[in-house]
Amino acid sequence: MTLQPTRTEATTTTAEATTTTEATTPNAEDYEGQQSEDFTTINTFTSLIAKMDSSTRQAIGHQARDLIEECQFDGKTCSSKNFSVFLDSTYGNCFTFNRAHDDWTPQSSSSAGPLHGLSLILYIEQEEYIPQISEKAGARVVVHSPNRWPFPEFEGFDAPPGFLTSAGLRLTSITRLGGLYGDCTEGEGHDLLYPGAYTQTNCLVTCHQHHMVSVCGCADASLLAPVNTTYCGSNSTQVECENKVKQELARGLLPCSCPASCSDNVYGKAIGLAEWPADSYVFHFALSIHPFSPACCPSSREKQIPTRSGEIC
């Protein structure tokens, strides 16, 4: 299987399609109500992984030193050591650049433009992908404020292999007045499941998990579990209970009080794709990750492309 590194400067293109269908009224008997085999497999796998301790889950996932081939920020080199790791139930090991810490001030770029943003070359290790579970290849990217928890499944976009993915960002700061002008919060009184500043998403997933634990006696494996709570298994009773809770939440039958934040930063994204690397850039890139050894193949340097595991020979 061919493995391709991905250049990410932070893309997707959208296509519109019109489908004409005959208007009908769906009836309950039109649906078999049976879960697909792939859906069941993924849910079972997610539940098994969730029950592992965090150190084991992190050890079997992709490592930053293997994933991040090259890193630049504001024209300066960086490395995997500049990223902090967190575990996500869907994507496994995730790596955050410029995350806020108690004793550290986040970095900022000196100017606007692609040369001053974060630029990465990623090696996605497709040989490590699991059949039936990993239906797509690439990296998931989330742009967020340094002090808030990211939710890749809900907020991110995909960066495919073999392309340069670029994202032009525009920051919009929102201040809601609250009080007589509407309902908003700074997070007071909200005991959130995930760390970081209050966000409506964090509040909603917390509410979802609390209803799951309250009704089913176990936690949704796709979310962080509260203390002293076990994850739901794949037995039919727990699966049916999980589905019931999710349906009632979707219909608004289970309440969630999650107003918008009174102060929020929203990153608008203009995303684009280009084929990468260009033919003229291939050898330069090859040399950058595997320095050329004249003793190895001195007479045909311009024709040699390195493998990941060895020199250019």
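Summary of computed values
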item	result
Accessible area of the stretch 158-284 belonging to carbon and sulfur atoms, whole % at 1.4 Å probe	52 percent
By accessible area with a 1.4 Å probe, ligands and nucleic acids excluded, highest first: order of Thr105, Thr201	Thr105, Thr201
Relative contact order [Cα under 8 Å, 6+ residues apart], the stretch 43-200, whole percent	18 percent
For the stretch 115-195: accessible area per residue (Å², 1.4 Å)	59 Å²
Vicinal HN-Hα couplings computed from phi for the stretch 180-197 (Karplus, 6.51 cos²θ - 1.76 cosθ + 1.60; Hz; Gly/Pro x)	5, 9, x, 9, 8, 8, 9, x, 5, x, 9, 8, 7, 6, 9, x, x, 5
Solvent exposure, largest accessible area first (probe 1.4 Å, DNA, RNA and ligands not counted), of Trp149, Trp104	Trp104, Trp149
Tyr129, Tyr123, ranked by accessible area, largest first (probe 1.4 Å)	Tyr129, Tyr123
Accessible surface of His144 - all protein chains present, 1.4 Å probe, nearest 10 Å²	40 Å²
With all protein chains modelled, accessible area of Glu275 [1.4 Å, Å²]	150 Å²
Stretchable slack from Glu248 to Thr56, in nm (0.36 nm times residue separation minus alpha-carbon distance)	65.7 nm
Neighbour cut-off at most 13 other Cβ (10 Å), DSSP loop, trypsin sites (Lys or Arg not before Pro), the stretch 77-168	Lys136
Stretchable slack from Asp183 to Gln200, in nm (0.36 nm times residue separation minus alpha-carbon distance)	4.9 nm
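The values are calculated or read from the model by the stated rules, or taken from the named source; none is laboratory data. Please read these numbers as outputs of a predicted model, since none were measured by experiment. Quick reminder, even Gly has a Cβ in these numbers, built from the backbone with ideal geometry, and neighbours come from all protein chains shown. Surface areas here come from the heavy atoms of the whole protein model, side chains and all, with no ligands, DNA or RNA. Shrake-Rupley method; radii C 1.70, N 1.55, O 1.52, S 1.80 Å.
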